[in-house]
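Data first, discussion second: the structure below is written as structure tokens.
The values are calculated or read from the model by the stated rules, or taken from the named source; none is laboratory data. In this text, all values refer to a predicted model and were calculated from it rather than measured experimentally. Cβ: placed from backbone, ideal geometry, glycine included. Neighbour counts: every protein chain shown. Each accessible area value is taken on the protein alone, full model and side chains, heavy atoms only, with ligands, DNA and RNA left out. Shrake-Rupley method; radii C 1.70, N 1.55, O 1.52, S 1.80 Å.
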Amino acid sequence: MRTLRSARMSDVTYEIRGPLLRLAQQLERDGEKVVKLNIGDPAAFGVPVPPEVVDAARAGVADSTGYGDAQGLLPAREAIAADYARKGLSGVTPADVFLGNGVSELVSMALQALLDPGDQVLVPAPDYPLWTAATTLAGGEPVHYLCDEGAGWQPDLADLSAKITDRTRAVVIINPNNPTGAVWPREALERITTLAGAHGLVVMADEIYDEILYDGVVHVPAATLAPDLPCLTFGGLSKRYRVPGFRCGWMAISGPRTLTADYAEALETLACLRLCPNVVAQHAVPAALRDTASIRALTAPGGRLAEQRDRCWELLTAIPGVSCVKPQGSFYAFPRLDPRVHPLADDGRFALDLLREEKVLIVQGSGLGWPRHDHFRIVTLPPVGDLGEAAARIARFLERRPALTS
Ligand SMILES: Cc1ncc(COP(=O)(O)O)c(C=O)c1O
């Protein structure tokens, strides 16, 4: 009998909520305490939410019973355009902004509107796997360019350049990065946008972590370096404002309108097809964007997110055979297991055994587009005490069972 599942789905995965999470949930139902380090949800770890963001959504409920504008409520789009102007992206008007049910929905829309079958999209490796999956679902082919761990996980520009073909339509930048925590400097971004310009590529900049920065590092919005190119910049309430459950994200189109007008029209059609994004959450956007202080307090030295990032990195790198580039942004760490000390044939098996034996849930590097079996990702969101417990369990597992992981 013919399978009900489309052939397209055979290449689509999302390990962050994959079979390991289902096993973790089963273990919890069986009464085990599982340390879940798999998902970047600040609310799940009690990271405080700005009260005015919640209040604004609450105040908007009565006005949210009907469908809203397909692109998003005008006050929300005005606030987003003003926020981008503040960050140097001056050409963005409210008409260039699309709101969605999280960046997740908008990534799919952006790629569906862009790609014909067989078109290629350059996606960083490692990546947040939504980009790979959404490219495949839109009929395109994700082509991964490497990031260089030895250079602080900056993009390997020679590799990126070598992978551009006449089918390449777009280059994806995830900055600050999930899963590595890297923040790419202006020079690297300039070299990517120069390549994009030379080959007629759309720049897709996923900057949802744009103000989650440590050690005084500066984030440069990619689109500010490429006023002559079609760029899409993605942001949202999920990370910086710590309300992922609101499902509220946005994207802004910039670049010469002669190049973007057709594409924007296709996006408008897709926006209409889904009628509108969740209306309640959009009422929170202006209030959220007025608050620039609370994320700085969390990421400044002594702030909760900064302390957890520091502690997590110290704990991981104290484990024999584990190294880690210190994250400069976002809230993830992507440690490496030295293959001479902890050889892994299958990092998915490693993650499974770690979960079964020590009840710690991580995401294996290969589930995040990394081509070798020698990395895993954890979130740096748990309080310091919980991070200590998690690191102790990982260390115990690695020490006890080196043979199991080979
Ligand atoms: C790089 C990146 N982009 C997009 C998303 C999805 O965000 P949203 O909650 O807005 O759908 C995530 C979520 O973890 C992410 O890490």
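If you go through the stretch 206-224 and keep only what is within 15 Å of the ligand (Cβ to nearest atom) and either free of Cβ contacts under 8 Å to residues at least 24 places away in the same chain or in contact with a Cys (Cβ under 7 Å, 6 or more places away or on another chain) (or both), you end up with just Ala222.
Against the definition (in the same structural domain as Glu141 (by TED's automatic domain parsing), within 15 Å of the ligand (Cβ to nearest atom) and either of a type in the set (Gly, Ala, Ser) or touching a His at 6+ places or on another chain (Cβ under 9 Å) (or both)), how does Ala162 come out, yes or no? Criteria not met by Ala162.
A count restricted to the stretch 43-57 and to residues that are touching a residue at least 24 places away in the same chain (Cβ under 8 Å), surrounded by fewer than 18 Cβ atoms within 10 Å (Cβ to Cβ) and in a helix (DSSP H, G or I) stands at 5. Against the numbered list (1) open to solvent by less than 10 Å² (accessible area, probe 1.4 Å); (2) under 24 Å from Leu201 (Cα atoms); (3) in contact with a Leu (Cβ under 8 Å, 6 or more places away or on another chain); (4) within 14 Å of the ligand (Cβ to nearest atom), Ile80 comes up short only at (2).
Filtered by the rule that a residue be within 18 Å of His373 (Cα to Cα), modelled with pLDDT under 95 and open to solvent by less than 30 Å² (accessible area, probe 1.4 Å), the stretch 128-151 gives a lone residue, Pro129. Of all the listed residues (Val103, Val97), the sole one being within 14 Å of the ligand (Cβ to nearest atom) and either open to solvent by 50 Å² or more (accessible area, probe 1.4 Å) or modelled with pLDDT of 95 or more (or both) is Val103. Entry remark, the stretch 300-312: residues being more than 18 Å from Val325 (Cβ to Cβ) and not hydrophobic (A, V, I, L, M, F, W, C) number 5 in total. May I ask you to list pairs of residues, at least six apart or on different chains, whose Cβ atoms are under 7 Å apart, with the first in the stretch 63-92 being assigned by TED's automatic domain parsing to the domain that holds Cys272 and the second being assigned to a loop (DSSP other than H, G, I, E, B) and polar (S, T, N, Q)? Here the result reads Arg77/Gln71; Ala81/Thr93, each pair linking the stretch 63-92 to a residue that is assigned to a loop (DSSP other than H, G, I, E, B) and polar (S, T, N, Q). Among residues of the stretch 377-394 that are closer than 9 Å to Leu37 by Cβ and modelled with pLDDT under 95, none has a beta-carbon under 7 Å from a residue that is of a type in the set (S, T, N, Q) and part of a loop (DSSP other than H, G, I, E, B) at least six positions away or on a different chain. State which residue is surrounded by the fewest Cβ atoms within 10 Å (Cβ to Cβ) when the search covers only the stretch 118-127 and only residues that are at pLDDT 95 or above and over 19 Å from Arg377 (Cβ atoms). Filtering the stretch 118-127 for residues that are at pLDDT 95 or above and over 19 Å from Arg377 (Cβ atoms), the one surrounded by the fewest Cβ atoms within 10 Å (Cβ to Cβ) comes out as Asp119. The set of residues in the stretch 215-255 that are part of a loop (DSSP other than H, G, I, E, B) and closer than 17 Å to Met204 by Cβ comprises His219, Val220, Pro221, Ala226, Pro227, Asp228, Leu229, Pro230, Gly255. If you filter the stretch 77-95 down to residues that are within 22 Å of the chain's Cα centre (by Cα) and part of a helix (DSSP H, G or I), you find that the one that is farthest from Asp210 (Cα to Cα) is Arg77. Only one entry in Gly60, Gly40, Gly18, Gly31 is more than 23 Å from the chain's Cα centre (by Cα) and buried (at least 16 other Cβ atoms within 10 Å of the Cβ), namely Gly60. Within the stretch 111-150, the set of residues being away from the ligand (no atom under 12 Å from the Cβ) and of a type in the set (A, V, I, L, M) comprises Leu111, Ala113, Leu114, Leu115, Val121, Leu122, Ala125, Leu137, Ala138, Val143, Leu146. Applying the criterion of being in contact with a Pro (Cβ under 6 Å, 6 or more places away or on another chain) and more than 10 Å from the ligand (Cβ to nearest atom) to the residues of the stretch 234-268, the residue that is farthest from Asn175 (Cα to Cα) is Leu259. If you go through the stretch 320-337 and keep only what is open to solvent by 10 Å² or more (accessible area, probe 1.4 Å), out of contact with any Phe, Trp or Tyr (no Cβ under 6 Å at 6 or more places or on another chain) and among the aliphatic types (A, V, I, L, M), you end up with just Val322.
Which one of these is surrounded by fewer than 16 Cβ atoms within 10 Å (Cβ to Cβ), assigned to a loop (DSSP other than H, G, I, E, B) and touching a strand residue (DSSP E or B) at 6+ places or on another chain (Cβ under 8 Å): Pro343, Pro382, Pro371? Write out each step before concluding.
Values: Pro343 fails: touching a strand residue (DSSP E or B) at 6+ places or on another chain (Cβ under 8 Å); Pro382 fails: surrounded by fewer than 16 Cβ atoms within 10 Å (Cβ to Cβ).
Of Pro343, Pro382, Pro371, the one residue that is surrounded by fewer than 16 Cβ atoms within 10 Å (Cβ to Cβ), assigned to a loop (DSSP other than H, G, I, E, B) and touching a strand residue (DSSP E or B) at 6+ places or on another chain (Cβ under 8 Å) is Pro371.
Let's see how each residue does on (1) at pLDDT below 95; (2) more than 30 Å from Thr380 (Cα to Cα); (3) assigned by TED's automatic domain parsing to the domain that holds Ala56; (4) out of contact with any strand residue (DSSP E or B) (no Cβ under 9 Å at 6 or more places or on another chain):
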site	(1), (2), (3), (4)
Leu195	no, yes, yes, no
Ile208	no, no, yes, no
Thr233	no, no, yes, no
Cys248	no, no, yes, no
Thr258	yes, yes, yes, yes
Leu273	yes, yes, yes, yes
Val279	no, yes, yes, yes
His283	no, no, yes, yes
Pro286	no, no, yes, yes
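Counted as qualifying within the stretch 110-201 are the helices (runs of 4 or more DSSP H) with 2 or more residues that are without any contact (Cβ under 8 Å) to a residue 40 or more places away in the chain and under 17 Å from the mean Cα position of the chain (by Cα), namely 130-137.
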